[in-house]
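Q: Following this message is one structure expressed as structure tokens.
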Ligand code: HEM
Ligand SMILES: [Cu+2]
């Protein structure tokens, strides 16, 4: 029922082809490129922070060029440390973890996996990318305004974020830009998720019933359903924040607040309201980041194990359960915010419940791996790495979910360790897995497997070296968001910090291998065959890279479940979804 | 799909008689709401219930959700209501900090 | 693929049936509407929160403003009726009628916006600002103007959209489907108002 698919002919000219392209594949690559830029900027910022934490008195030559006030002579001021931290978190959460696994891969592969020629609304699709791009530029503009980026963190907690420059640098223009950028980002996400949902429901090829969709498609679909309503709450939150800042209202600022000896001209608002609105979006957002990675990893693991997961339906059900529960738990970020302690109790219960579908998923992955002959490729290694990171990071969630334990752990490095493992590294590993798996399709060139495996081991070991000690630091009472720990009760922890910083610098440097591999193979890699991994889903039936209309004008017809591997009696050990080959397949739940 | 509409959305769409009844009902509820509020004071819960009543009639018969496949309503309505319902968790904080009471 | 194929028979044989059996663009309008409903919901919750948390919330609306709000309700609900006339006419291929009723609906929206702006200006004349008013909690103005302002933006956007749709429809480039889809949006604007009246006007009525 799409009116829009196939309404654009083959693109003509450079601008239509590569810039304002309507082709979902180009748009997917654009999102990927944007995320790649954002991730390297974000990583660079984290290097600066780690460096400053352990060598607070060592100047970083050239940094004064970035900000004369924030880094005079290359020395980062405590305030500028917070600016870097804010930009790091915002870039990573919004422009990397939301964009790469969801918007980039989703745009590229969702239509192909369901046998469609394009998204349901190519023009919307183009708009959503360019809107995201504007949001990105507006955010980065905070680096060049005189007072620099805001210092209120990626969560922009009020009242710090809602009052003006009295509270510190970056809280003037920088914070305005932040609010506007994220509001624009919300609109872009809305456009994107509308499109994803309509495409999935309406553009499936004949025979592609909902249950025959690959798990990656399911994950993108569930994610877009979450994003549809989650960003709808962040948008008003950002609008009200900007109003507080420019129109003098006080939604988020209480009466009688004195900052820098100035009585703030505000009254009647509540910082808790900001936290409620922000985390109402914020917790669904963490699942927006991780669900696509779960789908990608399932898709890849099945291919490498050459057998389906123990249950297709339970995986889908668990993803839906996660989506559903993700709206009920946001208060677990607010146990110590002054929220009603009774609410804390109420929130901790669904928080513990949400570990059930997560555990079910993990058990299905592990149970399916058990006894399978896994082919070790860079992609499958990263998929395994994803599970490892997800479990390691998820376990700490159990602790944080109890209000009484969280009193001790909140706002320490324990939380930093938790969410970097479970969200940051896990989702990025999902993206790496997807990249090694799908890049041949996207560029028509194979990536170098050896370099990929080296990249995996360095990243895997490196990520644990960085983020595991964070838990220890948190248990030892090391608070987060401080710019230095010298001459303090935390001074004895400095060796751990040094270790982490060195690990971070090395692991970051190891990503250059990936970058090299990506660029080198893009141009000089061996040409990719149509189906290099002997996979079954529809993206492997089209040329690498696919032509502008994906299936060359024919409509694929689907005859099989997505993961027909190791089928007895089949010609090969797998059956493509669109292969008319008839075999008796055992019915799987 | 450029020139026709789907049969079940519009073909089956209720006759104009239903539409007029709905129109009058919605206006009547609005008048009742206002008169009640003026005479007995606005009771938030009642006002809200009446608004929800108006809205559901409008969704079902003005927007013809009742005439679509039932699965559309099942996909849209419970999800939206669930999300809005969850927001009620914020109320307890809105009153207690006034006097800094624990709850 | 042959575009011709798609246009003649979009579904048969080449694609799975959409579970809802409605055009994609209509589905997208529905999805946008529920997303927007949650956005409005969040605004109303924020308003309720701020209102609960304050001790001197003003209740300034005289009966005259309430009657005015009721008149606005009448206009908006009636415009919901006229857009249904437009849809009905378009489905019966009465192009002139559909064009006429769509424009009448846009006219109703304009009237609504004018009445609303008149009310805004009289409130501003009484000294109500975003963060200041003669009666009590300064946040009154902030919540009032943001909620009704967002609604009015939707009305004005709807008026523009309906006008464009009407003109494009008359030019023959839009079909009954487009009018039907935008009628959904227009009804939604109406529904939001059904919540704004009791929450923003009736609860703030002079007692
Ligand atoms: C296994 C289930 C999980 C539980 C029980 C859980 C629980 C928690 C709790 C209670 C906190 C708040 C800690 C505090 O601030 O004191 C927290 C923080 C966080 N969690 Fe989880 N979590 C789980 C899984 C996840 C997943 C899967 C993700 C992401 C994909 C995630 C991302 C985050 C983030 C980003 C934060 C911190 C945000 C910040 O304060 O900056 N969590 N988690
Ligand atoms: Cu959370």
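Q: Residue check: is residue A:345 surrounded by fewer than 17 Cβ atoms within 10 Å (Cβ to Cβ), within 14 Å of chain B (Cβ to nearest Cβ), within 12 Å of ligand 1 (Cβ to nearest atom) and in contact (Cβ under 8 Å) with a residue 24 or more places away in the chain? Before the answer, list the steps.
A: On the way: surrounded by fewer than 17 Cβ atoms within 10 Å (Cβ to Cβ): yes; within 14 Å of chain B (Cβ to nearest Cβ): yes; within 12 Å of ligand 1 (Cβ to nearest atom): no; in contact (Cβ under 8 Å) with a residue 24 or more places away in the chain: yes.
Answer is no for this residue.
Q: When only residues in the stretch A:327-342 that are more than 8 Å from ligand 2 (Cβ to nearest atom) and farther than 14 Å from residue B:94 by Cα count, which is surrounded by the fewest Cβ atoms within 10 Å (Cβ to Cβ)?
A: Of all residues in the stretch A:327-342, those more than 8 Å from ligand 2 (Cβ to nearest atom) come to A:327-328, A:331, A:334-342.
Cutting the leftovers down to farther than 14 Å from residue B:94 by Cα gives us A:327-328, A:331, A:334-336.
On the way: A:327: 23, A:328: 18, A:331: 27, A:334: 21, A:335: 25, A:336: 14.
Here the residue is A:336.
Q: May I pose another question? Limited to the stretch A:570-589, what total is found for residues that are modelled with pLDDT of 80 or more and loosely packed, with under 14 Cβ neighbours inside 10 Å?
A: 4
Q: To continue, here is another question. Of the conditions (1) surrounded by fewer than 18 Cβ atoms within 10 Å (Cβ to Cβ); (2) in a loop (DSSP other than H, G, I, E, B), residue A:404 fails just one. Which one is it?
A: Unmet for residue A:404, out of (1) surrounded by fewer than 18 Cβ atoms within 10 Å (Cβ to Cβ); (2) in a loop (DSSP other than H, G, I, E, B): (2).
Q: Could you run through the stretch C:14-43 and say how many residues are within 9 Å of chain B (Cβ to nearest Cβ) and touching a residue at least 24 places away in the same chain (Cβ under 8 Å)?
A: Selection size over the stretch C:14-43: 6.
Q: Considering only residues that are away from ligand 1 (no atom under 16 Å from the Cβ) and in contact (Cβ under 8 Å) with a residue 24 or more places away in the chain, which ones fall in the stretch A:260-272? If you could, list the steps in order and put the result at the bottom.
A: Of the residues in the stretch A:260-272, the ones away from ligand 1 (no atom under 16 Å from the Cβ) are A:260-270.
A:260, A:262, A:264, A:266, A:269, listed by residue number.
Q: Could you please let me know if residue A:179 is at pLDDT 95 or above, more than 16 Å from ligand 1 (Cβ to nearest atom) and closer than 30 Å to residue A:257 by Cα?
A: Here the answer is yes, as residue A:179 does meet what is asked.
Q: Right, next: Take residue A:199 and tell me if it is at pLDDT 95 or above, away from chain C (no Cβ under 11 Å) and part of a helix (DSSP H, G or I).
A: No, not satisfied.
Q: Assess whether residue A:367 counts as being farther than 27 Å from residue A:111 by Cα, outside any helix (DSSP H, G or I) and more than 16 Å from ligand 2 (Cβ to nearest atom). Write out each step before concluding.
A: Working: farther than 27 Å from residue A:111 by Cα: yes; outside any helix (DSSP H, G or I): no; more than 16 Å from ligand 2 (Cβ to nearest atom): yes.
No: the conditions fail for residue A:367.
Q: Next question, about the same structure. Could you list, in sequence order, the residues of the stretch A:441-451 that are crowded, with 23+ Cβ neighbours inside 10 Å and within 22 Å of residue A:510 (Cβ to Cβ)? Let's see the steps before the verdict.
A: Quick first cut of the stretch A:441-451, residues crowded, with 23+ Cβ neighbours inside 10 Å only: A:441-442, A:447.
Once the filter is applied, which keeps residues that are crowded, with 23+ Cβ neighbours inside 10 Å and within 22 Å of residue A:510 (Cβ to Cβ), the stretch A:441-451 yields only A:447.
Q: Given the residues A:216, A:260, A:189, which is the only one that is more than 9 Å from every other protein chain (Cβ to nearest Cβ) and closer than 30 Å to residue A:554 by Cα?
A: Sole residue among the options that is more than 9 Å from every other protein chain (Cβ to nearest Cβ) and closer than 30 Å to residue A:554 by Cα: A:216.
Q: Tell me the residue from A:139, A:110 that is over 21 Å from residue A:25 (Cα atoms), in contact (Cβ under 8 Å) with a residue 40 or more places away in the chain and assigned to a helix (DSSP H, G or I), please.
A: Result: A:139 is the single residue among A:139, A:110 that is over 21 Å from residue A:25 (Cα atoms), in contact (Cβ under 8 Å) with a residue 40 or more places away in the chain and assigned to a helix (DSSP H, G or I).
Q: Let me confirm something: among A:234, A:241, which residue is at pLDDT 95 or above, farther than 20 Å from residue B:83 by Cα and crowded, with 24+ Cβ neighbours inside 10 Å?
A: When all the criteria are applied, what remains is A:241.
Q: Here's another thing I want to ask about it. From the set of residues in the stretch A:246-257 that are surrounded by 21 or more Cβ atoms within 10 Å (Cβ to Cβ) and closer than 15 Å to residue C:146 by Cα, which is nearest to the other protein chains (Cβ to nearest Cβ)?
A: Checked the stretch A:246-257; the qualifying residue nearest to the other protein chains (Cβ to nearest Cβ) is A:249.
Q: Let me ask something additional. Return the total of residues in the stretch A:281-332 being within 10 Å of ligand 1 (Cβ to nearest atom) and within 26 Å of residue A:370 (Cβ to Cβ).
A: Going through the stretch A:281-332 one residue at a time, the tally reaches 5.
Listed here are the residues, each with its yes/no results for (1) touching a helix residue (DSSP H, G or I) at 6+ places or on another chain (Cβ under 6 Å); (2) under 20 Å from residue A:118 (Cβ atoms); (3) not assigned by TED's automatic domain parsing to the domain that holds residue A:89.
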site	(1), (2), (3)
A:175	no, no, no
A:191	yes, yes, no
A:201	no, yes, no
A:205	no, yes, no
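Q: Among the numbered criteria (1) within 10 Å of chain C (Cβ to nearest Cβ); (2) closer than 19 Å to residue A:312 by Cβ, which one does residue A:222 miss?
A: Result: residue A:222 passes all but (1).
Q: Restricting to the stretch A:231-259, name every residue that is in contact (Cβ under 8 Å) with a residue 60 or more places away in the chain, over 20 Å from residue C:141 (Cα atoms) and outside any strand (DSSP E or B).
A: Result: A:257, single match.
Q: Tell me yes or no: at least one residue of the stretch A:512-529 is over 30 Å from residue A:52 (Cα atoms), in contact with a helix residue (DSSP H, G or I) (Cβ under 7 Å, 6 or more places away or on another chain) and outside any helix (DSSP H, G or I).
A: yes
Q: Give the residues of the stretch C:170-184 that are in a helix (DSSP H, G or I) and out of contact with any helix residue (DSSP H, G or I) (no Cβ under 6 Å at 6 or more places or on another chain), sorted by residue number.
A: Across the stretch C:170-184, the qualifying residue is only C:177.
The values are calculated or read from the model by the stated rules, or taken from the named source; none is laboratory data. The model shown is predicted, which means the values in this text are computed figures rather than measured ones. No Cβ is skipped: glycine too gets one built from the backbone with ideal geometry, and neighbour counts run over all protein chains shown.
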